[in-house]
1. Identify, from the list Leu94, Leu43, the residue that is within 24 Å of Lys164 (Cα to Cα), open to solvent by 70 Å² or more (accessible area, probe 1.4 Å) and under 18 Å from the mean Cα position of the chain (by Cα).
2. Could you say whether any residue in region 156-170 is β-branched (Val, Ile, Thr) and either out of contact with any strand residue (DSSP E or B) (no Cβ under 8 Å at 6 or more places or on another chain) or open to solvent by 20 Å² or more (accessible area, probe 1.4 Å) (or both)?
3. All but one of (1) within 29 Å of Ser111 (Cβ to Cβ); (2) modelled with pLDDT of 95 or more hold for Met189; which doesn't?
4. On the basis of being touching a residue at least 12 places away in the same chain (Cβ under 8 Å), within 18 Å of the chain's Cα centre (by Cα) and either open to solvent by 20 Å² or more (accessible area, probe 1.4 Å) or under 30 Å from Met235 (Cβ atoms) (or both), does Thr54 make the cut?
5. Looking only at region 174-201, how many residues end up being more than 24 Å from Thr272 (Cβ to Cβ), assigned to a helix (DSSP H, G or I) and open to solvent by 10 Å² or more (accessible area, probe 1.4 Å)?
Amino acid sequence: MGGAVIDLLARPMEGHDLIMATSNPGVVSESDGGVGRNVAEALGRLGACPILYTAVGSDSLGHAIVQRLEDECGVVGTDTSVSFVSDMSTSTYLAVMNSVGDLHTAIADMSALSRIPIPPPEILREADILVMDANAPVDTLVEAAHSAVHSGVKVFFEPTSVPKAAQLGRRKDFLSYLSYGFPNVDELMAMADGWIDTPEDLSEALHDNMKTIKYAAEELLEQMQPDKAHLVITMGKEGVLLASKLGSDVTYEHIEAAGRVDVQNSTGAGDTLCGAFVHALLEGEDETKAVRIGMDAAVKSLGCADRAISPDLRKE
């Protein structure tokens, strides 16, 4: 359940750094994106047959992005799960990458996502997992998470951005429904305390042997599902910290990133990790093995220059 978006990615010509406040020679590509759509694509390519609940404009871009999900990505049921909005355009995300493939800045026109529908109870009762991004309105997210938990479904949450993470961090009812979260460090800090931290705070968190990160993780885990909950905290080149709560006990496992990775595009790496992690759990793996599988899958998307999710993802 989440966003389906047209991604426009711009990057400078190879060997050129970005120069601010002027035009840069470069390459612009168009692909399908949105956190919810990306996770659904990753799951579909791995053979999980997900259903995506999303909203797009009733325009050529919206119909095309949905058709590609069905034809190329293994996503099912879009004829009933997608809301085509007649008075809004399909959401668009414009990202400017730097010379090494990392995000420099971005602009998001996401108004259509205010119409994302909630999966009905009869669908949830047949589901194993509800994966949500933060693109729907807050009240919609709370209602969907509540409905899922009361249908016996585990809720997995991808915070999407720091402002959205902070906003939802202030909704204790929403946090209490979560079994799994997939934040990066910035999003973790925002969800744990409900506000956006300063660059100085974030810098300190990355240079104190993970003490601040672990403290924030424990604070957030205390607010999630009471018996068992997990956070998969992505830390870029430092890898992933898996924080797990079982009752009152919290444990941590640091899984280091692969050595040298040829980064062409980082926009879909976290979504790939999330989708592959979820698929691994559905296949019976434990959380640690699922993180490793997710990180291996994310490397494939990091090396894919022209789309968020690598088409090389497949069930092995």
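The values are calculated or read from the model by the stated rules, or taken from the named source; none is laboratory data. Please read all numbers here as calculations on a predicted model, not as lab measurements. Neighbour counts run over all protein chains shown; Cβ positions are idealised from the backbone, glycine included. Only protein heavy atoms, including side chains, enter the accessible area calculation; ligands, DNA and RNA are left aside. Shrake-Rupley method; radii C 1.70, N 1.55, O 1.52, S 1.80 Å.
1. On inspection, the qualifying residue turns out to be Leu94.
2. There is at least one residue in region 156-170 that is β-branched (Val, Ile, Thr) and either out of contact with any strand residue (DSSP E or B) (no Cβ under 8 Å at 6 or more places or on another chain) or open to solvent by 20 Å² or more (accessible area, probe 1.4 Å) (or both).
3. (2)
4. Here the answer is yes, as Thr54 does meet what is asked.
5. 4
This table checks each residue for (1) of a type outside the set (S, T, N, Q); (2) assigned to a helix (DSSP H, G or I).
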{"position": "Leu220", "(1), (2)": "yes, yes"}
{"position": "His230", "(1), (2)": "yes, no"}
{"position": "Ser244", "(1), (2)": "no, no"}
{"position": "Asn265", "(1), (2)": "no, no"}
{"position": "Thr288", "(1), (2)": "no, yes"}
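This table checks each residue for (1) over 19 Å from Glu158 (Cα atoms); (2) without any contact (Cβ under 8 Å) to a residue 60 or more places away in the chain.
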| site | (1), (2) |
| --- | --- |
| Glu218 | no, yes |
| Ser244 | no, yes |
| Val261 | yes, yes |
| His279 | no, no |
